[in-house]
1. Trypsin sites (Lys or Arg not before Pro) within region 17-65: which are DSSP loop residues with at most 15 other Cβ atoms inside 10 Å?
2. Nothing charged except the Cβ atoms of Lys and Arg (+1) and of Asp and Glu (-1): what's the magnitude of the dipole of region 92-139 about its Cα centre? Round to the nearest 20 debye.
3. Net charge around residue 329, counting only other residues with Cβ within less than 13 Å of its Cβ (Lys, Arg = +1; Asp, Glu = -1)?
4. Suppose only helical runs count, i.e. DSSP H with n ≥ 4. What mean residue ellipticity at 222 nm does that imply for the chain under -39500 (n - 2.57) per run, divided by all residues and rounded to the nearest 500 deg cm²/dmol?
5. Let's see if you can work this out: charge +1 on each Lys and Arg Cβ, -1 on each Asp and Glu Cβ, no other charges. What is the dipole magnitude of region 444-491 about its Cα centre, in debye to the nearest 20?
6. Per residue of region 81-94, what does 6.51 cos²θ - 1.76 cosθ + 1.60 with θ = phi - 60° give for ³J(HN,Hα)? Whole Hz please, x for Gly and Pro, Karplus curve as stated.
7. Could you work out the local net charge near residue 470, counting Lys and Arg as +1, Asp and Glu as -1, over the other residues with Cβ closer than 9 Å to its Cβ?
8. Can you order the peptides 432-442, 265-275 by their average number of other Cβ atoms within 10 Å per residue, highest first?
Amino acid sequence: MSPDSGFDVLVIGAGHNALVAAAYLARAGLRVAQCERRDVVGGAAVTEELAPGFRVSTASYALSMLRPDVYRDLELERHGLVAVPKDPQMFVPLPDGRSFFVWRDTARTKAEIEKIHAPDAEGYDRWCAFWDEATPPLRALLDDPDPLDPVDHLPSDLYARCIVGSAAELVESFFESPEVQGAFASQGIIGTNASGRDPGTAWVLAYHACGGEIYGADGTWGFARGGMGSVSKAIAAAGAEAGVKLFRGTAATEIVIENGRAVGARMSNGMVVRASYVVSGADPRTTFIDLVPDGALDVAFIERVRAWKTEGCVLKVNMALRELPDFIARPGRGPQHHGTVEISPSIDYLDTAYREAQEGTHSSKPYMEVFIQSVLDRSLVDGEGHVVSAFTQYVSPDLVETDEALDAVIDVLSSYAPNVRDNIIAAQALGPHQLQGRFGLPGGDIFHGSLLPEQSFDKRFDYRTPLPGLYLCGSGARPGGCVMGAAGRNAAHAVIDDLGHR
């Protein structure tokens, strides 16, 4: 890439949203350059080698929220993406040796829940009916590029229950048993440094319930064959086909401003790449404080950026195992290895894990979602063995050393499947410090900023920034995080509209 290369748009970064933005812009006929500091594209949606012969989704680990129009418009299936729904959706082992499944089939799930607490089987019917009605208006909050005010858009009862209420209150209104409550309330704390009893966590739960369209069923979770890197590779392939010029191992260090407008960026090698528009896939703090020169933005706006909450609380643990976990609750091999293993025995368990991490460095009994993708996708392992992805909470946002937190995760998982510890070939633990350094996640926050209501809807950053010519397309922009592509799509449309280009 020469310094005088003429591009219509320069996209900074190649996380999944930035890849989506670049692909849409190129498909609109624009000349698009894209730079990425790492040699691999995808940001946190990557597949990487954990140990020789073992590949794992290093950070992001499940696929549900991808917007169906992005999937369709970019022809991701043609570009190699194979998305497979999990079934069962969850296997929930309990400390006393009992367990239950949450299947895609309602009747099968009710039969499982009835074994735990009979009245909760009827509660599951009401739970499903509630989401059938609630999901369409909630999903509009995610898909509209100009954020709808949930106060005006939603009925007052739905607003109270799914926006400002707590995940605990919402779940407890349907289920009585702690075991069933814990399994469903856990979705309200994903990536969120808060207790499930805190106000606003109902929105985190509702946010995650709005996916599943690519599988033809609301709220359904699945996986990408080949790991999450397959999602990013498919999007990058769509962009390349449309003409995106992607440069790996090239980091932007400063956005160039002339006459009060962004006109390109300076790279780590000193080269300047010029473009009519600049689109940043980085988080708000990196974009507006690290990349934009001092004094170019209003002081009040910079204060807003500095106040933006990015409190990582996740410890992502990846393991290569010689053999499958053998669960006390369901010995042997079976469907317990096919979906997400949910270790969340009660809402009190989640609350204790949160409060313990606030007082120290990490939870001694963490919440976790565990997925053993290699059972269903042997492309991840050469020969024998399995890869395990464990998304766990909570750790302190200030955690740097992860050894003790990793031990706690292994201890808890081994209490449910005692053979785990002795079968570990390799283990990797990525806390907030590592997630920021490796993937550019600010403070280790997987969403580029908390998804609680005070940082959602119109409170989240707009695609059009106060600096003319500069746009934001990462997860810090509306509507927020998860591998969904909405921010990238919407930012691209904003550029196209402003260009008057069709």
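1. Details: sites: 27, 31, 37, 38, 55; in loops: 31, 37, 38.
Sparse-neighbourhood loop trypsin sites (Lys or Arg not before Pro): none present.
2. In total the dipole reaches around 160 debye.
3. -2
4. After summing the helix terms and dividing by residue count, I get -9500 deg cm²/dmol.
5. My answer is approximately 160 debye.
6. 7, 10, 9, 10, x, 6, 8, x, 5, 9, 10, 10, x, 10
7. Numbers: positive: 261, 464; negative: none.
Local charge sum for residue 470: +2.
8. Order by mean packing, descending: 432-442, 265-275.
The numbers here are math on the coordinates, done by the rules we state, and not lab data. What you see is a predicted model, and the numbers here were worked out from it, not measured in a lab. Note that each Cβ is placed from the backbone with ideal geometry, even for glycine, and that neighbours are counted across all protein chains shown.
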